[in-house]
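Let me begin by presenting the structure, written as structure tokens, before commenting on it.
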Amino acid sequence: MNNAELFARACRVLPGGVDSPVRAFRAVNGTPFFTERGEGAFLVDAEGNRYLDYVMSWGPLLLGHAPAAVVQAVREAAEQGLTFGTPTGRETLLAEEIALAAPHMQMMRLVNSGTEATMSAVRVARGFTGREKVIKFAGNYHGHSDGLLVRAGSGCLTGGVPDSLGVPKGVAESTLVAQYNDLAGAEELFCANRGQIACVIVEPVAANMGVVPPAAGFLQGLRRLCDEHGALLIFDEVITGFRIAWGGAAEYYRVTPDLAAYGKIVGGGMPLAVYGGRRDVMSLVAPLGGVYQAGTLAGNPVATAAGLAMLRCLREQKDTLYPALEQKAAALEAAFRAEGVPVGRVGSVLTPFFAPAAPQNFSQAASCDTRAFAAYFKAMLAQGIYVAPSQFEAMFVSAAHSDEDIARTVRAIGAACRAAK
């Protein structure tokens with residue numbers, strides 16, 4: 001079956017023909033291709049078309065598609081059994097590997113998705129503080145749990161609906177929303193809700209309204225506000241963890257959160273995420289304490305094998321890997337800027353913005369020219385280069401992207417940006 005036939009068939013049984021909204025290509029007025037396999041920096045679709053991939057499964061594939069060490073670890077683990085429902089030694093080994101890179105992760109719990117990780121971290125913060133209210137930032141996306149789907153980014157922003165039907169009013173009322181990079185606005189919320197704020201949850205680098213770096217002092221200011229008001233600071237490092245540095249945003253910006261959520265890269269391409277942080281806080285999680293959270297497939301042996309293989313590779317290569325990724329991504333940034341297109345970038349994650357200037361917050365991001373972006377996207381795809389089908393998502397550079405791939409992409413960027421004007 002070709003891509004069109006596969007999509008028509010999918011639409012009969014899956015909402016919009018997809019299992020995650022942005023995959024439907026609606027924001028770029030297109031229809032999706034269906035992937036058969038991934039090879040290094042490339043995807044191959046059902047029709048045999050080969051695409052240079054800068055989506056990289058939305059971030060997990062820092063080493064590219066099907067890296068040998070990870071595939072071998074998965075194969076060996078699968079042969080021993082797919083799931084047990086009992087503890088396995090790999091869970092501990094993976095947790096120890098995470099703690100090597102992020103020492104603030106003194107105690108942690110493995111889960112299956114970033115949504116579970118952020119949702120659980122907020123629950124623990126509420127249990128620890130005895131408070132209910134949460135501060136989040138407009139345009140930050142922390143998964144699809146009810147309390148965090150308020151003024152959310154990612155697919156919500158792509159579809160033009162930053163809130164979701166089905167979220168109870170009472171749940172939404174406990175979520176307070178500030179503007180990203182507006183420290184004064186966050187402080188006003190603390191003062192207006194004195195003694196009621198359990199936590200602040202933030203993407204340390206916003207990457208779900210396009211890549212928007214934190215302003216100088218913003219994360220440090222959130223740390224100060226939380227300390228002054230007795231709230232916990234939660235970093236959502238589902239994207240930034242092991243991506244912008246081996247130790248993620250906490251290392252990159254030298255700010256230590258109380259709790260953090262990691263996903264994507266920590267699973268090596270398999271469904272796995274983790275939340276954790278201070279030992280005194282995490283000691284409230286059942287069975288040690290009264291904050292309940294559980295999962296039948298949590299710590300899955302195949303997923304932990306993939307994650308452990310991935311993180312060991314990153315630790316062994318970190319001294320050369322991250323500088324090389326920085327250099328590649330900087331070359332792409334320069335190509336966009338040469339065409340007059342502003343860019344938001346931190347390390348190997350970046351977004352070109354079809355706007356007068358790179359946005360600093362949700363309101364500015366929402367005003368981007370999505371029609372120009374759609375034209376750029378189609379021009380890139382026509383040249384065999386797959387970028388995220390949304391103005392509000394990121395490009396992810398991997399170790400598998402060769403210098404030749406980067407040079408090819410630089411040439412394509414010039415043509416695509418001119419086609420969008």
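The values are calculated or read from the model by the stated rules, or taken from the named source; none is laboratory data. Not measured: the values here are computed from a predicted model. Every residue, glycine among them, receives a Cβ derived from its backbone with ideal geometry; neighbour counts consider all protein chains shown. Ligands, DNA and RNA are stripped out before the accessible areas are found, and what is left, the full protein with its side chains, is counted by its heavy atoms. Shrake-Rupley method; radii C 1.70, N 1.55, O 1.52, S 1.80 Å.
Taking the convex hull of the Cα atoms, report for the chain its projected area averaged over all directions, in nm².
If you wrap the Cα atoms of the chain in a convex hull and average its projections, you get 19.5 nm².
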*Using a 1.4 angstrom probe on the protein heavy atoms only, line up Cys199, Cys11 by accessible area, largest first.*
Cys11, Cys199
*Run the 1.4 Å probe and let me know the accessible area of His144, rounded to the nearest 10 Å².*
120 Å²
_Segment Tyr292-Ala382, extension gain: residue separation times 0.36 nm, minus the distance between their alpha carbons_ = 27.5 nm
*Could you give the alpha-carbon Rg of the range 55-153 over 2.2 N^0.38 Å, rounded to two decimals?*
1.34
*Gap in Å between the Cα centre of the range 254-292 and the Cα centre of the range 345-421?*
32 Å
*Considering the options Ala273, Val70, Phe84, tell which one lies farthest towards the positive end of the dipole of the chain, charges being +1 on Lys and Arg and -1 on Asp and Glu at the Cβ, about the Cα centre.*
Ala273
*Neighbour cut-off at most 14 other Cβ (10 Å), DSSP loop, trypsin sites (Lys or Arg not before Pro), the range 1-83*: Arg12
*How big, in percent, is the set of alpha carbon pairs in the range 340-399 lying more than 18 Å apart?*
33 percent
*asked:* Give me log10 I(q)/I(0) at q = 0.22 Å⁻¹ for the range 1-126, Debye formula, one equal scatterer per alpha-carbon, no solvent.
replied: -1.31
*For the range 116-141 and the range 6-51, what is the separation of their Cα centres, given in Å?*
33 Å
*Subtract the Cα-Cα distance of Arg9 and Glu339 from 0.36 nm times their separation in residues, and report this length gain in nm to one decimal.*
114.8 nm
*What is the gain in length, in nm to one decimal, between Ser367 and Glu404 on full extension, counting 0.36 nm per residue of separation less the C-alpha to C-alpha distance?*
9.9 nm
_Could you put Thr409, Thr320 in order of accessible surface area, largest first, with the 1.4 Å probe and the full protein assembly present?_
Thr320, Thr409
*Which helices of the chain meet both criteria: a Cα extent of 20 Å or more along the helical axis and a mean Kyte-Doolittle score no lower than -1.0, with helices taken as whole DSSP H segments?*
114-129, 301-338, 403-420
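In the chain, what percent of the accessible surface is made up of carbon and sulfur (1.4 Å probe, ligands and nucleic acids excluded)? Please report the intermediate quantities before stating the final value.
Details: 8920 of 16960 Å².
Solvent-exposed carbon and sulfur of the chain make up 53 percent of the total.
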*Treat every Asp and Glu Cβ in the chain as -1 and every Lys and Arg Cβ as +1, leave all other atoms uncharged, and give the resulting dipole magnitude about the Cα centre to the nearest 20 debye.*
460 debye
*Going down the table (Lys136/Lys169; Lys133/Lys169; Lys136/Lys318), which pairs top 20 Å between alpha carbons?*
Lys136/Lys318
*Using DSSP to define loop residues, name the trypsin sites (Lys or Arg not before Pro) in the range 188-235 whose beta-carbon has at most 10 other beta-carbon atoms within 10 Å.*
Arg194
*How about the range 248-298: which chymotrypsin sites (Phe, Trp or Tyr not before Pro) there lie in a loop by DSSP and see at most 13 other Cβ atoms within 10 Å?*
Tyr292
